[in-house]
1. Quick one: length gained pulling Ser49 to Tyr106 fully straight, 0.36 nm per residue minus the C-alpha distance?
2. If the chain between Ser99 and Gln176 were fully stretched, how many nm would it gain, using 0.36 nm times the residue separation less the Cα-Cα distance?
3. Debye sum, Cα scatterers, region 46-113, no solvent: what log₁₀ I/I(0) at q = 0.15, 0.25, 0.28 1/Å?
4. Given the peptides 55-64, 37-46, 83-92, arrange them by the average over their residues of other C-beta atoms within 10 Å, most packed first.
5. State the extension gain, in nm to one decimal, for the chain segment bounded by Leu157 and Gln57, taking 0.36 nm per residue of separation less the distance between their alpha-carbons.
6. With θ set to phi - 60° and the Karplus curve 6.51 cos²θ - 1.76 cosθ + 1.60, what are the ³J(HN,Hα) couplings of region 53-69 in order, to the nearest whole Hz, using x for Gly and Pro?
7. Excluding Leu66 itself, calculate the net charge of residues whose Cβ lies under 11 Å from the Cβ of Leu66, where each Lys or Arg counts +1 and each Asp or Glu counts -1.
8. Once phi is turned into ³J(HN,Hα) by the Karplus curve 6.51 cos²θ - 1.76 cosθ + 1.60 with θ = phi - 60°, what whole-Hz value does each residue of region 88-104 show in order, with x for glycine and proline?
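Please treat every number below as a calculation from the coordinates, not as lab data. The shown structure was predicted, so the numbers you read here are calculated from the model rather than taken from an experiment. Backbone-built Cβ (ideal geometry, glycine too); neighbour counts: all protein chains shown.
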Amino acid sequence: QIIIKQSNKLNEHIEQILSLAKTDSSNIELNKSAVDFRKMVELTKENISLKYTKPVQFDFLFSKNLMVQADEFHFYNIFYNIVENAVKYGPKNPIVTISVKQEETYYSIQIVDNGAGVPKKDLPFIFDKFYRVERTDSKEIEGFGIGLAYVKKIVQLHGWKIKAENINPGLKISIQMYDF
């Protein structure tokens, strides 16, 4: 069981590295189409619930009929990476809130968790390739530091902006989307 689990984990890391390498090579072409935002976050919720045994509360605060012009595959990966980090590094009973605010020239999508947030010294670097944050509950530093770098690259390829900030409690990641 341990070998199978570690093998699956290694395969996930390899897929992330390959995806990041592809985005770095500028060979990636986005196939934008109208993507149903609610279906995308529901799929993320479903897949996170299958992967993790701890109970995760999801709160969705947005219109039911929100359509986004995006590459569906990569758009899903953006949310999966962010939500997985919230669950993986969060408390025993994580709460993930996804909301959308309409601003004058863009929509702001916010993913908020109830975890401990990111140490202030690390926060400016969490989207940097290979940057990893030390865990407060463990001596181990997990992953390769490529998930959020991939997220940032895909967000930029769409012409959007992303930022992260600590709130009390948790971390808030905001994506400004200009293409609806």
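1. On the way: separation 57, 0.36 × 57 = 20.52 nm, distance 3.06 nm.
Extra length from Ser49 to Tyr106 when fully extended: 17.5 nm.
2. Working: separation 77, 0.36 × 77 = 27.72 nm, distance 1.21 nm.
Contour length minus the Cα-Cα distance gives 26.5 nm.
3. -0.54, -1.23, -1.37
4. Numbers: 55-64: 12.6, 37-46: 17.2, 83-92: 18.8.
Ranked from most to least packed, the peptides come out as 83-92, 37-46, 55-64.
5. 32.9 nm
6. In residue order, the calculated couplings are 8, 6, x, 10, 8, 10, 10, 10, 10, 6, 4, 5, 10, 8, 10, 10, 7 Hz.
7. Working: positive: Arg38, Lys39, Lys64; negative: Asp36.
Net local charge, Leu66 excluded: +2.
8. 4, 9, x, x, 4, 10, x, 10, 10, 10, 10, 10, 10, 10, 8, 9, 5
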